[in-house]
1. Just need the relative contact order of the chain here, percent rounded to a whole number, with Cα pairs under 8 Å and 6+ apart.
2. Could you tell me the extents of the stretch 139-290's C-alpha atoms along the three principal axes, largest first, rounded to whole Å?
3. To the nearest µm²/s, what D does Stokes-Einstein give for the stretch 260-390 at 20 °C and 1.002 mPa s, using the Kirkwood radius over alpha carbon pairs as Rh?
4. For the stretch 351-416, what class follows from the C-alpha gyration tensor (a ≥ b ≥ c being the square roots of its eigenvalues): rounded when a/c is under 1.5, otherwise prolate if a/b is larger than b/c, else oblate?
5. Hey, got the dipole for the stretch 116-183? About the Cα centre, +1 on K and R Cβ, -1 on D and E Cβ, debye to the nearest 20?
6. Taking each pair of different alpha-carbon atoms in the stretch 339-453 once, compute 1/r for the pair, average those values, and report the inverse of that mean as the Kirkwood hydrodynamic radius in Å to one decimal.
7. Of 93, 200, 368, which is farthest on the positive side of the dipole of the chain, counting Cα position, with +1 on Lys and Arg Cβ, -1 on Asp and Glu Cβ, and the Cα centre as origin?
8. With no solvent and one equal point scatterer per Cα, compute the Debye intensity ratio I(q)/I(0) for the chain at 0.08 Å⁻¹ and report its log10, rounded to two decimals.
Amino acid sequence: MPTRQKHVKPEPQESSSSDIQAAKGKLGVMIPGMGAVATTFVAGVEAVRKGIAKPIGSLTQMGTIRLGKRTDARSPKIKEFVPLAGLDDLVFTGWDIFEDDMYTAARKAGVLERELLDQVKPLLSTIKPRKAVFDHNYVKKIDGPNVKKGKNKMDLAEQLRADIREFKKTSGVSRLVTVWCASTETFIEQSAAHQSVKAFEKALTQNDENIAPSMIYAYASLSEGVPFANGAPNLTVDIPAMHELSRRNQAPICGKDFKTGQTLMKTILAPGFKARLLGLNGWFSTNILGNRDGEVLDDPGSFKTKEESKLSVLEHILQPELYPELYGKFTHKVRINYYPPRGDNKEGWDNIDIFGWLGYPMQIKVDFLCRDSILAAPIVLDLVLFNDLAQRTPELRGIGIQEWLSFYFKSPMTAPGLYPEHDLFIQLMKLKNTLRHLRGEELITHLGLEYYD
Ligand SMILES: NC(=O)c1ccc[n+]([C@@H]2O[C@H](COP(=O)([O-])OP(=O)(O)OC[C@H]3O[C@@H](n4cnc5c(N)ncnc54)[C@H](O)[C@@H]3O)[C@@H](O)[C@H]2O)c1
């Protein structure tokens, strides 16, 4: 019989629950891009607040965290374990190039049914987009009238900062978080303008073409001391200038690209193949989707940004350098096809060619009929709440990149030179162990020998 050891609660470590500031007052949520994902998120939060729907898919709302030994039977809800803002405390604003209020935008996005939308209309119809900072060269497939004008990019950044201050004042919120839910911008690489805050600010005044609109929002947000999470694969905050600004102003950053649909499946399946040492010859992924995101991704520049984000996943999980016979030469292809009849209801097919004992080949087919924004909305909610928590936590607020939030991203940001962790299960363990660490609880290693002493 395994002996039951009495669990001794560890001494609180350097950081303890008492160091985390309480979530007092309202939390302002600022969203560049009030399209399918943003409206599904806000409508969902309001529906949950009204008790007409459940926050399914949200770790902060439904997840639990095991503390101590398996025999201790201590598994509180995450939201009871760490001091998160409550849903009733969230207040929303956003920017978009179109003038539609959130109710109209949600109707056009066609994700949620009218019956549900009409019940949350009183809130949604009051959220009107602020004028956007937009450059058609960065998103070729769309154009809209609700756009700021300025003498240069620094002037546009100042206008965004004025928006942020105005929202904070008029809404009476005590804290803010920004989550980028706007379109995927065209592919760009790091350049000299991105290397330091000083170089970036000079480039802003010189209207440098290497500064994308998303970077102007990020700069404005971080300059105001507001955390910034990047839901698209754009470079945005993944440049040294933003790392510097984030640390300097104690405004956490994280990204890139919400991990939903096909990549979510990939990061669930690939760790399983590696765990059982099944080899991989090839992985062909194709999608059809018909929402505006699909239309934007129909442009080769925007698709390239997305493709880079989607392709890196398998290399990192399968580690071909460690397992050359199993993963040394697989083919990985990703296709996205814009197909209007599908709207937001994407279909993603995967054909996976694997091999097993003695090299015998096998195939796996996955056909995921998913709903993109339904999968993304709870991620937005969790990122809002966790970034706010990070800013109230002394140990996290000044470190810049919040790698513990990799769980939510296709292409997680890491410290320079560090490879990202893509395996969903390692990411979840990292996230939960971070929370345990912050509260001075023992980390869970799953060793378990103590049960057999
Ligand atoms: N839905 C998912 O599963 C998922 C997953 C990962 C990433 N994403 C990314 O999230 C983003 C939003 O997706 P979506 O389906 O809501 O797209 P969407 O096209 O419905 O919404 C994007 C909105 O951003 C607006 N916009 C574009 N550029 C802007 C700017 N500079 N400032 C302000 N607004 C701007 C557009 O007008 C549009 O209303 C996209 O970048 C997408 O690639 C979505």
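1. 22
2. Here the spans come out as 55, 35, 33 Å, largest first.
3. 133
4. Judged from the Cα gyration tensor, the stretch 351-416 comes out oblate (a/c at least 1.5, b/c at or above a/b).
5. 160
6. Roughly 17.9 Å, rounded to one decimal.
7. 93
8. -0.47
The values are calculated or read from the model by the stated rules, or taken from the named source; none is laboratory data. Here the structure is a predicted model, which means the values were calculated and not measured. Every residue, glycine as well, gets a Cβ built from its backbone with ideal geometry; the counts of neighbours run over all protein chains shown. Surface accessibility is based on the protein's heavy atoms, side chains included, excluding ligands, DNA and RNA. Shrake-Rupley method; radii C 1.70, N 1.55, O 1.52, S 1.80 Å.
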